[in-house]
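The values are calculated or read from the model by the stated rules, or taken from the named source; none is laboratory data. Keep in mind that this is a model prediction, so the values were computed, not measured. Every residue, glycine as well, gets a Cβ built from its backbone with ideal geometry; the counts of neighbours run over all protein chains shown. Surface accessibility is based on the protein's heavy atoms, side chains included, excluding ligands, DNA and RNA. Shrake-Rupley method; radii C 1.70, N 1.55, O 1.52, S 1.80 Å.
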Amino acid sequence: MALKERTVTDKVEIVSAFKHIQVRQAVEIYDTISNEVKAHSYHRAVAVCGDDAAAAALGVADIAAVVWTDEVKAAYAASLPVVAE
């Protein structure tokens, strides 16, 4: 039996009114002969509306291009607090 590790994106969810994209990745330890998963853990990351760099890094840029419309981006920007200088 030889064990290896792999990371699999197993869930992508669109959450909130501002279409944040939540990505869950499973890190799996598996047997290379039987391909049976022996152990796993999860990691989540979120690309907030308009963060194209995060969406690209998470591999969901195509989804972001569809759900982050100009209207959604404007509504999200309007919802952010104004920071006084």
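Report, to the nearest whole %, how much of the accessible area of the chain belongs to carbon and sulfur atoms, 1.4 Å probe, protein only. Before the final figure, lay out the partial values.
Working: 3190 of 5760 Å².
With neighbouring chains kept in place, the figure for the chain is 55 percent.
Could you tell me the relative contact order of the chain? Use alpha-carbon pairs under 8 Å, at least six residues apart, and round to a whole percent. It would help to have the intermediate numbers written out before the result.
Working: 131 pairs, mean separation 20.6, N = 85.
It rounds to 24 percent for the chain.
Which entry in [x] 59, 29, 19; [y] 61, 24, 20; [z] 38, 30, 22 matches Cα extents along the principal axes in Å derived from the coordinates of this structure?
So the structure-derived entry is [x].
Restricting to DSSP H runs of at least four residues, report the calculated mean residue ellipticity at 222 nm for the chain, -39500 (n - 2.57) per run over all residues, nearest 500 deg cm²/dmol. Walk me through the numbers before you get to the answer.
Working: 3 runs with 24 residues, N = 85.
It comes out at -7500 deg cm²/dmol, rounded to the nearest 500.
Which net charge results for the neighbourhood of residue 73, defined as the other residues with beta-carbon distances under 13 angstrom from its beta-carbon, given Lys and Arg at +1 and Asp and Glu at -1? Before the final figure, lay out each step's value.
Details: positive: 19; negative: 51, 52, 70, 71.
It works out to a net charge of -3.
May I ask for the distance between the Cα centers of segment 43-70 and segment 1-26, given as a whole number of Å?
For segment 43-70 versus segment 1-26, the Cα centre distance is 13 Å.
Are there GluC sites (Glu not before Pro) in segment 1-58 that DSSP puts in a loop and that have at most 16 other Cβ atoms within 10 Å, and which ones? Provide the component values of the computation, followed by the final result.
Details: sites: 5, 13, 28, 36; in loops: 36.
Passing both the DSSP loop test and the Cβ count: 36.
Quick one: accessible area per residue over the chain, 1.4 Å probe, rounded to a whole number of Å²?
Working: 5760 Å² over 85 residues.
Heavy-atom SASA per residue in the chain reads 68 Å².
Order the following by accessible area, largest value first: 62, 52. Probe radius 1.4 Å; ligands, DNA and RNA are ignored.
Numbers: 62 130, 52 95 Å².
So the residues, ranked largest to smallest area, are 62, 52.
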